[in-house]
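Enquirer: Quick one: the structure is below, questions incoming.
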Amino acid sequence: MNYKALGLKLGLAIMTVSATITGAVAITNESPSWGATAIKVGTVDDYLPCSDQINQHFEGLSIDIWRRISERLNISYTMQPISSFDQAVALAANGEFDLIASCHEITPERLKSIEYAIPYTTGGIVIASQQSGKPVISLVGKIIQNKIVARCSILLIAITGLTAWSSSYFKNSKTASKLKARRLAKVWTFLILNDGIDTIVGSKIRDHITVLITSLVHTLLMGAIIGTTATIIFEENITKKTNELKNKELYQLLQQGLAVQEQTSNAHWLKKQMNNAGIKQDKSTSPVYASNKQQLMELIQGKSNPKPKHIVTNLTTYKTILKQAELEDEFQLSYQMPSKTPQAFVFGSKINPELKKAINIEISKLNRSGITEQIEKDWRD
């Protein structure tokens, strides 16, 4: 038996089997090409940093992410702008678009009609408010209007005034009316300041007890006034959580002018908050609606009446809106959602299920590699 020839044949056979297995693995691991299938992609126009159309060119963080996915999967597609988020959801649900590449917030209401891709970024409802041109006067006004400060101040003045009027230093004085009034003012001032009282307290025990009680009450009331004032000053520039927005505060925001863009999750959220607070829309409490982002900017710029002092928008886009409106220094966040809401692409109702799976896999890869985070950072900066 020719062992050399037999060994050569076995070697060739093993190499052939190995090559076959390797080729099979390579074919299995190779991403399928979707170039033969052209899909229709929509994007919400005029909504940077997410998506926008400028001179027939589409740009934004959502567009950049989609382009990377389409290149990896070799997807042929056409892209068209859509005027609003609600319209985009409706068109996807009807199967008129295979994919919507924009920052669509995942909400329970939208999930009833459409399916989302894997989230690639997050957002959340925020309320930005115009800052006062005279911050000191505005702050003093808030302090004076505070019920605790007002009531404690009135009570302090009343108690110290009554103690001063009943004191022996004032009662036993036989001086002229003008000098007697000065004595009263002197005692009252000492009691309010809670200092120098020993110089005016008479020899009677009743005076000492009265002044002692007044001093204790003074300490309690001043503590409440100082503590409340400090809280108002401290919270002046702190962003509150939207779940801490009380009915009365929402009512005040609406009366001062609260703008929001129609057909967005922001508008739906505001409507829900008003319903929960029992606020009915009338001339004084109706939100100022903008049909698009450009109109929203014109409203807060004061180019049209009424000029709102507050806007409801999204954490993803509010900085871009204020920057484009050149109002970055005039508005500040007053309320923000305590948790961030995931945002994602929207799948059309007629898209190939295997293509949906492939797109989700690519989004997952981009998320894990940090590419989506870097793209978002580039657009936000």
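Enquirer: Just to verify a result, which residue in the range 218-258, among those that are over 25 Å from VAL126 (Cα atoms) and open to solvent by 50 Å² or more (accessible area, probe 1.4 Å), is modelled with the lowest pLDDT? First the steps, then the outcome.
Expert: Of all residues in the range 218-258, those over 25 Å from VAL126 (Cα atoms) come to 218-230.
The next check asks that each one be open to solvent by 50 Å² or more (accessible area, probe 1.4 Å); those that pass are 219-220, 222, 226, 230.
Working: THR219: 86, LEU220: 89, MET222: 85, ILE226: 87, ALA230: 81.
Here the answer is ALA230.
Enquirer: Tally time: how many residues in the range 290-325 are among the basic types (Lys, Arg), under 14 Å from VAL260 (Cβ atoms) and either open to solvent by 20 Å² or more (accessible area, probe 1.4 Å) or without any contact (Cβ under 8 Å) to a residue 24 or more places away in the chain (or both)? Steps first, please.
Expert: Here is the first cut: in the range 290-325, the ones among the basic types (Lys, Arg) are 293, 303, 307, 309, 319, 323.
Retained after the next criterion (residues that are under 14 Å from VAL260 (Cβ atoms)): 293, 309.
Then keep just the ones that are either open to solvent by 20 Å² or more (accessible area, probe 1.4 Å) or without any contact (Cβ under 8 Å) to a residue 24 or more places away in the chain (or both); that gives 309.
The number of residues fulfilling the criteria is 1.
Enquirer: State yes or no: is SER102 polar (S, T, N, Q), closer than 12 Å to VAL346 by Cβ and buried (at least 20 other Cβ atoms within 10 Å of the Cβ)? Full working, then the answer.
Expert: Values: polar (S, T, N, Q): yes; closer than 12 Å to VAL346 by Cβ: yes; buried (at least 20 other Cβ atoms within 10 Å of the Cβ): yes.
Yes.
Enquirer: In the range 307-317, is there at least one residue being at pLDDT below 95 and over 20 Å from the mean Cα position of the chain (by Cα)?
Expert: yes
Enquirer: Can you name the condition, by its number, that LEU315 falls short on among (1) over 18 Å from THR43 (Cα atoms); (2) in contact with a helix residue (DSSP H, G or I) (Cβ under 9 Å, 6 or more places away or on another chain)?
Expert: (2)
Enquirer: Just need a number here: residues in the range 34-78 that are under 24 Å from THR317 (Cβ atoms) and in contact (Cβ under 8 Å) with a residue 24 or more places away in the chain.
Expert: Number of matching residues: 21.
Enquirer: Please verify whether THR229 is over 25 Å from VAL288 (Cβ atoms) and either of a type outside the set (Gly, Ala, Ser) or out of contact with any Cys (no Cβ under 6 Å at 6 or more places or on another chain) (or both), treating the condition exactly as stated. Talk me through it step by step, then tell me what you get.
Expert: Values: over 25 Å from VAL288 (Cβ atoms): yes; either of a type outside the set (Gly, Ala, Ser) or out of contact with any Cys (no Cβ under 6 Å at 6 or more places or on another chain) (or both): yes.
Yes; evaluated as a whole, the condition is true for this residue.
Enquirer: Something else now. Of the conditions (1) surrounded by fewer than 17 Cβ atoms within 10 Å (Cβ to Cβ); (2) touching a Ser or Thr at 6+ places or on another chain (Cβ under 9 Å); (3) of a type outside the set (Val, Ile, Thr), GLN261 satisfies every one except a single condition; which number is it?
Expert: With respect to (1) surrounded by fewer than 17 Cβ atoms within 10 Å (Cβ to Cβ); (2) touching a Ser or Thr at 6+ places or on another chain (Cβ under 9 Å); (3) of a type outside the set (Val, Ile, Thr), GLN261 is out only on (1).
Enquirer: Among the residues in the range 79-89, are any open to solvent by 70 Å² or more (accessible area, probe 1.4 Å), out of contact with any His (no Cβ under 6 Å at 6 or more places or on another chain) and free of Cβ contacts under 8 Å to residues at least 24 places away in the same chain?
Expert: Just the residues of the range 79-89 that are open to solvent by 70 Å² or more (accessible area, probe 1.4 Å), to begin with: 80, 83, 87.
In the following step, the residues that additionally are out of contact with any His (no Cβ under 6 Å at 6 or more places or on another chain) were identified as 80, 83, 87.
Then drop every residue that is not free of Cβ contacts under 8 Å to residues at least 24 places away in the same chain, which leaves none.
No, the range 79-89 has no match at all.
Enquirer: Ok, one more. Can you spot a residue in the range 268-278 that is under 19 Å from SER83 (Cβ atoms) and in contact (Cβ under 8 Å) with a residue 12 or more places away in the chain?
Expert: Going through the range 268-278, the residues under 19 Å from SER83 (Cβ atoms) turn out to be 268.
Next cut, in contact (Cβ under 8 Å) with a residue 12 or more places away in the chain only: 268.
Yes, the range 268-278 has at least one match.
Results for (1) at pLDDT 90 or above; (2) touching a His at 6+ places or on another chain (Cβ under 8 Å); (3) under 17 Å from ILE127 (Cα atoms); (4) open to solvent by 50 Å² or more (accessible area, probe 1.4 Å), shown as yes or no for each residue.
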| residue | (1), (2), (3), (4) |
| --- | --- |
| TRP269 | yes, no, yes, no |
| VAL288 | yes, no, yes, no |
| LEU327 | yes, no, yes, no |
| ILE351 | yes, no, no, no |
| ALA358 | yes, no, no, no |
| ASN367 | yes, no, no, yes |
| ILE371 | yes, no, no, no |
| LYS377 | yes, no, no, yes |
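Enquirer: For a quick check of your reading of the model, give me the residue pairs whose first member lies in the range 364-375 and is closer than 16 Å to GLY60 by Cβ, whose second is open to solvent by less than 90 Å² (accessible area, probe 1.4 Å) and among the β-branched types (Val, Ile, Thr), with beta-carbon atoms closer than 7 Å and at least 6 apart or on different chains.
Expert: Every condition considered, the pairs that remain are LEU366/ILE65; LEU366/THR372; THR372/ILE65; THR372/THR121; ILE375/ILE65.
The values are calculated or read from the model by the stated rules, or taken from the named source; none is laboratory data. The shown structure was predicted, so the numbers you read here are calculated from the model rather than taken from an experiment. Quick reminder, even Gly has a Cβ in these numbers, built from the backbone with ideal geometry, and neighbours come from all protein chains shown. Each accessible area value is taken on the protein alone, full model and side chains, heavy atoms only, with ligands, DNA and RNA left out. Shrake-Rupley method; radii C 1.70, N 1.55, O 1.52, S 1.80 Å.
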